[in-house]
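Worksheet: one structure, shown below.
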Amino acid sequence: MRYTERHIIESYTTMFNGLSPLSKIELIESLTKSLKKDKIEKIDVFYNSFGAFTTDKTVEEMNNEIKLSRKFKNKEISF
């Protein structure tokens, strides 16, 4: 854990010391839900990316299109 993360955690811990036990439990529940949500969202984004690019072109057509769109400049470099 980096120094900045440790400092942030210590700052929040100091702030949470003034909360009631019930509020602390609700905070823990909220943090737990956010961790689970982050994990689910990452998995969904990963699986939703499959098939995201659709086209009727063949691989050869796309390769040719990419190659034809390339532009090169001949530039002399003097040493």
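The values are calculated or read from the model by the stated rules, or taken from the named source; none is laboratory data. Remember, it's a predicted structure, so these values are computed and weren't measured experimentally. No Cβ is skipped: glycine too gets one built from the backbone with ideal geometry, and neighbour counts run over all protein chains shown.
Data for the structure
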read-out	value
Residues that are loosely packed, with under 10 Cβ neighbours inside 10 Å and among the acidic types (D, E), drawn from region 1-24	E5
Residues located in region 35-45, provided they are modelled with pLDDT of 75 or more and of a type outside the set (A, V, I, L, M)	K36
